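Presented below is the structure to which this report refers.
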Amino acid sequence: MESSSEARSALAVAERASAAPYIDYPPTPAWYAPSVGAWVALLVLAGYGASNRPAIFVPLVLVLVAAECAFLAWYRRYRQTMPSMRGAPPEINAAFRRYAVGLVAVVAIGVFLYLVVSPYVAAAAAFGLVTAGLALYERHYANAAAAARTRLA
């Protein structure tokens, strides 16, 4: 019969293994945040242009979507996994929640600027907000992963 300490040890090993995709990962490249910011800004402008000149801008939207699919395929290979938002350690879930709140705020600001000011201002704001927001998220995620590694060590 297993002792209580053996069971706790086995449970700790299992918890560390399930957390590994979230806490053991290569660093995100420095170009990631500004590239996503630029992609979102271009998507805003392409969406605006698609209503005026669909023959030019609809293909651009398709190119942007294809670039996103290529990036996600590369990122999955780079990280060797694509963890979901389910089953993450509590520290990582907190970072995910902050990301979701920030995403909603950025989208709301972007839509407001697009409708009230101009699509060009919305695109510029999208670039700045997305770039800064992702950089902040990456820092929060790294801190959360470090805290989870410490707790699970």
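The values are calculated or read from the model by the stated rules, or taken from the named source; none is laboratory data. Bear in mind that the values here come from a model prediction, so they are computed numbers and not experimental data. Cβ coordinates were reconstructed from backbone atoms using ideal geometry, including for glycine residues, and neighbour counts include every protein chain displayed.
Look at (1) farther than 26 Å from N143 by Cα; (2) surrounded by 11 or more Cβ atoms within 10 Å (Cβ to Cβ); (3) free of Cβ contacts under 8 Å to residues at least 24 places away in the same chain and you find that Y75 fails only one, number (1).
In region 105-124, what count of residues is obtained for those that are within 11 Å of V40 (Cβ to Cβ) and free of Cβ contacts under 8 Å to residues at least 60 places away in the same chain? Residues meeting the conditions: 2. From the list R149, R79, R97, which residue is at pLDDT below 95, more than 16 Å from the chain's Cα centre (by Cα) and within 30 Å of A12 (Cβ to Cβ)? When all the criteria are applied, what remains is R149.
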